[in-house]
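Asker: Have a look at the structure that comes next, please.
The values are calculated or read from the model by the stated rules, or taken from the named source; none is laboratory data. In this text the structure is predicted, and so the values were computed from the model without any measurement. Glycine gets a Cβ as well: all are built from the backbone with ideal geometry, and neighbour counts include every protein chain shown. Accessible surface areas use protein heavy atoms only, side chains included; no ligands, DNA or RNA. Shrake-Rupley method; radii C 1.70, N 1.55, O 1.52, S 1.80 Å.
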Amino acid sequence: MTTLYEGAFAKLNLTLDVLGKREDGYHDLKSVMQTISVRDDVEIDIGTGKPWTLECSEEGIPCDERNLAWKAAKVFFDVTKKDPDGIAIRITKRIPSGAGMGGGSADAAAVLRALNRHYGNPFSIFALAELGAQVGSDVPFCVVCGTAMVEGRGERLRKLPDMPDCVFVICKPEFSVSTPELYKKIDEVAIPKRPDNKAMESALLAGDLGKVCENVFNVFDPVVTQEHLELNYIKSIFNSYGAAAFQMTGSGSAVFAIVPDFEFAAVICSMLRDNYPNVFIAKPV
Ligand code: ATP
C-alpha cells in the first residue's frame, strides 16, 4: 500500500462577473481567481484491498460518492482504466464550507494531482484541469492553482502573472448563501456595476498591487450585502485598519481584504476574532 499526500488550496475571486444564463441552465462567468495558503490536507492510501472509504475531519460533509474528492478519484480511474485495488481518502478540513473559497473543489483537485503524479503524469496539468471540469466548475482552476482568468462555467482558463506580494485576511461569517438562489436573484436584477477584467489583467501584468486592489470586484457582493448587513460590519473593520481592498469571494459568505503586510493583518484579525471564529491570514500561492 502507498500513501499519497497533497495540499488542497482555497481560492478567492479577485473579480467575478456573471455574463449571462446559458441554454443548459448554467451561467457564463468571467473571473480572476487566486489560490491562497489556507489549505485542507488530503491523504490517499492506494491498494488497500478493500472497498473505497473516505474520512473527513469536519462533520456534515458527505463521506461517500457525493464527496467531490471521491468523485475526482472515480473520474480519474474511469478515464485511465487503472485499478487501484481499493483506496482510502482522508481529508483534514481547514477551508470553511459555504464560504465561496472552493473547499470541495480544492480537495477534488488535490486528489487529481496526487493520482496523476502517482501514475507517472499521464495527463499534462491542463489536461488534468479538463478532467476536473467533469467534477465541478471550480475544479479546473484548483488543479492549476496560482492566478488565472477563468471563463465559461470554469472550464476555460488562462494563467496570468502571479499576484504581487501581499497578505489576505479572510473572514467567514456564520451564515451561508444558497448559490442557486443567488444566481436566480442575479438573473432578476440589472447588474449595476461589473468588474473591469481587462484592467485587472493589466494590473497583474504590471505587477501593480495598488491597481489590482482598485479592480477587485464581485457582482454578487452587493446582492448578498443587501441581505446580510453584517458584511458591512466586517468590511468597516477592514477599512478602518488599513485594507487596500475588500470584497466577498464567490457566492459568499466569506469576505477578504488585501493588506500590505502581516502587521496590518494581525491587527484586523484581532479585531474580528472575538466575533468570528473563522478568520484567516493567508498569502497568495
Ligand atoms: P464554492 O466556492 O465552490 O462555492 P463553497 O464555499 O460552497 O465552495 P464547499 O467547501 O465546496 O464550499 O462546500 C459546499 C458543499 O459541497 C458542502 O456543503 C458539502 O456538502 C459539499 N462537499 C462535497 N465534497 C466536499 C468536500 N470535499 N469538502 C467540502 N464540502 C464538500
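Asker: Tell me, what is the per residue accessible area of the chain in Å², probe radius 1.4 Å? Don't skip to the end; give the middle numbers.
Answerer: Numbers: 12630 Å² over 285 residues.
Heavy-atom SASA per residue in the chain reads 44 Å².
Asker: Per DSSP helix of 4 or more residues, -39500 (n - 2.57); summed, then divided by the residues of the chain. What does that give at 222 nm, rounded to the nearest 500?
Answerer: Rounded to the nearest 500, it is -10500 deg cm²/dmol.
Asker: What's the carbon and sulfur percent of the range 167-282's accessible surface, probe 1.4 angstrom, rounded to a whole number?
Answerer: Carbon plus sulfur share of accessible area: 52 percent.
Asker: Follow-up question, since we're still on this one. What accessible surface, in Å², does a 1.4 Å probe find on Ile87, ignoring ligands, DNA and RNA and rounding to the nearest 10?
Answerer: 0 Å²
Asker: Sequence neighbours fewer than 8 away in the same chain don't count; with that in mind, list the lysines whose C-alpha is under 28 Å from Lys185.
Answerer: Partners found: Lys11, Lys21, Lys30, Lys172, Lys193, Lys198, Lys235.
Asker: Between the DSSP loop rule and a limit of at most 11 other Cβ atoms within 10 Å, which GluC sites (Glu not before Pro) in the range 55-145 are left?
Answerer: Hits after loop and neighbour filter: Glu59, Glu65.
Asker: Using Cα atoms only, what is the angle between the long axis of helix 262-273 and the major principal axis of the chain, expressed in degrees (0 to 90) to the nearest 10?
Answerer: Here the helix axis deviates by roughly 90 degrees.
Asker: Note the angle between two axes, namely the Cα long axis of helix 68-80 and the longest principal axis of the Cα atoms of the chain, as a number of degrees from 0 to 90, rounded to the nearest 10.
Answerer: The two axes meet at around 50 degrees.
Asker: How many nm is it between the label spots at Trp52 and Ala266, if each spot is 7 Å from the Cα in line with the beta carbon?
Answerer: 4.5 nm
Asker: Stokes-Einstein at 10 °C, 1.306 mPa s, Kirkwood radius from Cα pairs: D for the chain in µm² s⁻¹?
Answerer: My calculation gives 82 µm²/s for D.
Asker: Counting only protein heavy atoms, what percent of the accessible surface of the range 2-159 is carbon or sulfur at a 1.4 Å probe?
Answerer: On the way: 3120 of 6500 Å².
Looking at the range 2-159 in its full context, I get 48 percent from C and S.
Asker: Hey, which aspartates and glutamates would be in cross-link range of Lys82, C-alpha to C-alpha under 16 Å, not counting anything within fewer than 8 residues on its own chain?
Answerer: Asp45
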